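Heads up, the thing below is written out as structure tokens.
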Amino acid sequence: RTGAGVEDVRAFCVDNCPLGPSLYPKDVLSEHPERFFIGEIIREKLFLLYRKEVPYACQVRVVNYIKRTRGKKDRCEAEIVVERDTQKGILIGRKGAALKELSTKARLDIEEFMQAGVYLDLRIKVKKDWRRSEKDLEALGFSANPYA
């Protein structure tokens, strides 16, 4: 939190990590696609805005991302999957205020990341007990048993 010790760890790593060839071209930032980072941005906002138990029962899925040209905003369709209607209500908030705040904060960070204007269509979907269903876990990109 305070940053105490960070410089010591950085210096240790620089002094002790062997140099080697680059594993990726210089223009490649990650092995993950842009959709992964968009989902992570939305997930981050969930944790920052809701903090309690709701973010732990949520999964973000970027359904579609369309890059546009000629001054039009890119279009991003994403859904937040929750287990209960009550969780959906908490995420939406009174008159949609909580969902609007979440969408706005996520959109601003997504625009910065993508270096383009973005229209974010964020929806909440209830999938009862999705964390206990092997089929649902696999559909959301998880393995029900990662050690099998």
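The values are calculated or read from the model by the stated rules, or taken from the named source; none is laboratory data. This one's a predicted model, so the numbers in the text were calculated from it and none came from an experiment. Glycine gets a Cβ as well: all are built from the backbone with ideal geometry, and neighbour counts include every protein chain shown. Areas reflect the complete protein model, heavy atoms only, side chains present, ligands, DNA and RNA absent. Shrake-Rupley method; radii C 1.70, N 1.55, O 1.52, S 1.80 Å.
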In debye to the nearest 20, how big a dipole does the chain give about its Cα centre with +1 on each Lys and Arg Cβ and -1 on each Asp and Glu Cβ?
940 debye
For the range 90-111 and the range 25-78, write down the distance between their C-alpha centroids in whole Å.
13 Å
Row for the range 1-99, column shape: gyration tensor on C-alpha, a ≥ b ≥ c, rounded if a/c < 1.5 i.e. under 1.5, prolate if a/b over b/c, else oblate; value oblate
Carbon + sulfur, % of accessible area of the range 1-110 - ligands and nucleic acids excluded, 1.4 Å:
55 percent
Kindly identify the range 8-66 as rounded, prolate or oblate by the Cα gyration tensor criterion: order the square roots of the eigenvalues as a ≥ b ≥ c, call it rounded if a/c is under 1.5, otherwise compare a/b with b/c, prolate if a/b is larger, else oblate.
oblate
Any idea what the dipole of the range 65-148 comes to, in debye rounded to 20, about its Cα centre with Lys/Arg Cβ at +1 and Asp/Glu Cβ at -1?
420 debye
Links that overshoot a 19 Å alpha carbon limit, given the list Lys26/Lys73; Lys67/Lys135; Lys88/Lys125
Lys26/Lys73; Lys67/Lys135
